[in-house]
1. Calculate one ³J(HN,Hα) per residue across the stretch 72-86 by plugging θ = phi - 60° into the Karplus curve 6.51 cos²θ - 1.76 cosθ + 1.60, and present them in order as whole Hz with x for glycine and proline.
2. How large is ³J(HN,Hα), in whole Hz, for each residue of the stretch 92-102 in order, when computed from phi with the Karplus curve 6.51 cos²θ - 1.76 cosθ + 1.60 and θ = phi - 60°, using x for Gly and Pro?
3. Between R125 and T63, what is the FRET efficiency for a Förster distance of 30 Å, r being their Cβ-Cβ separation, to the nearest 0.05?
4. At 0.36 nm per residue, minus the direct Cα-Cα distance, what do I79 and R134 gain on full extension? Give it in nm, one decimal, please.
5. With Cβ to Cβ distances under 13 Å as the rule, what net charge do the other residues near W52 carry (K, R +1; D, E -1)?
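Nothing in this text is a laboratory measurement; each read-out follows from the coordinates by a stated rule. If you're wondering where the values come from, they're calculated on a predicted model, not measured in any experiment. Virtual Cβ from ideal backbone geometry, glycine too; neighbours counted across all protein chains shown.
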Amino acid sequence: MRRISRRLFLSTSSAAAALPLIRTVRLDAQVEPVFRHGVASGDPLADRVMLWTRVSIPTATATASVRWAMARDPKFALIVAHGEQQTGEGRDFTVKVDVGGLEPGTTYYYRFEAARAQSVIGRTRTLPARGVSRIRLGVASCSNYPFGYFNAYAA
């Protein structure tokens, strides 16, 4: 029986495992979704909330028109606010919308549309008007991969 060292096993296993990943990366590189950075909401008040996204479009395009909608239900049957915003290279193709006129302590759903594509549906909530003894907020920031992995995102 031939003995295999741990070093030999790891080097051959990792080479074999990398082949499917290389093919996957190539396939993913061909697909360019418009909303690859997702959507976000934040800075809630009792009557308003900020929405954010970034569109990924061909660099030859100088500007992009992005539509947004906010509804009380995830199927967007009860739309309470909507609009359109231009973005471009000067804004790094990001869109930031301050949606006002909302009800306090209410859950809302939002989405963006651009270049015949639709973003995922996000969920947000306005702050209650008053009478709250406790509130829980989440905080996230952008990663900077050249400076390491951000393991807190896994939690």
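1. In residue order, the calculated couplings are 7, 10, x, 8, 6, 7, 10, 6, 9, 7, 7, x, 9, 9, 8 Hz.
2. 6, 6, 9, 10, 10, 10, 9, 8, x, x, 9
3. So, using R0 = 30 Å, E works out to roughly 0.40.
4. Working: separation 55, 0.36 × 55 = 19.80 nm, distance 2.94 nm.
My answer for the length gained is 16.9 nm.
5. Working: positive: R54, R91, K96, R111; negative: D43, D92, D98.
In short, +1.
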